[in-house]
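Would you mind keeping the following structure in view while I ask a few things?
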Amino acid sequence: MKKFGLVLNKTANGFAVVSFIGVAFLMLLNVADVIMNKITGQSILGAYEISQCTLMCTVFASFAYGQVHKTHIHMTLLIERFPGRSKFIPFFLCNVLSTVLAGLMTYATFFRAARQVTKGAVSDILHFPLAPFYYVEAICMIVFLAVLIYDTILSAMAIFSDKYAEEVQAHW
């Protein structure tokens, strides 16, 4: 189980690099756009739609990283007051719900990407295909879903094992 967690951690960190590169690119693009607008009175052609697609990939690439490093909010104010290991039951149920919702979102992203391919959707100004960006989003959701499944399994094991209970509770 620990090895799978390490693989997920490295994978999420790899996707975070995509996110960091996307943010750096967005900063440079927006600064260049503002400078060009001030100098020439015109923006960079297609800067808005490039920013839009890059931002979508950047945000989705950061989901798994946030989950691996426990930066997402857990509502533990009430459940941490439960006695013993019983506190992990509602925590597990919340994780199951989160995982199911992320699974539905993952399905929806693949459905949306396939629809973009079928329609032959392209951007309005530069006319580049939109489907690859939606597939990047879907792949990022798969990694996020895998991390959620791992966390859900850990929270289930925490109900029955002190070792896993300590590991899960360390992030509260």
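Anything in region 121-159 that is in a helix (DSSP H, G or I) and aromatic (Phe, Trp, Tyr)? List them, or say none.
Answer for region 121-159, where residues must be in a helix (DSSP H, G or I) and aromatic (Phe, Trp, Tyr): PHE133, TYR134, TYR135, PHE144, TYR150.
Report, by residue number, each residue of region 49-63 that is among the aliphatic types (A, V, I, L, M) and under 8 Å from the mean Cα position of the chain (by Cα).
As a first pass, look at region 49-63 and keep what is among the aliphatic types (A, V, I, L, M): 50, 55-56, 59, 61.
Correct list: VAL59, ALA61.
Do we have VAL96 as in a helix (DSSP H, G or I) and in contact (Cβ under 8 Å) with a residue 24 or more places away in the chain here?
Working: in a helix (DSSP H, G or I): yes; in contact (Cβ under 8 Å) with a residue 24 or more places away in the chain: yes.
Yes: the conditions hold for VAL96.
Follow-up question, since we're still on this one. From the list PHE91, PHE111, exactly one residue is on the phi < 0 side of the Ramachandran plot and touching a His at 6+ places or on another chain (Cβ under 8 Å). Which is it? Give the derivation first.
On the way: PHE111 fails: touching a His at 6+ places or on another chain (Cβ under 8 Å).
Sole residue among the options that is on the phi < 0 side of the Ramachandran plot and touching a His at 6+ places or on another chain (Cβ under 8 Å): PHE91.
Here, each number is a calculation from the coordinates, and none is a lab measurement. The structure presented is a predicted model; accordingly, all values stated were derived computationally and were not measured. So basically every Cβ, Gly included, is an ideal-geometry build from the backbone, and we count neighbours across all protein chains shown.
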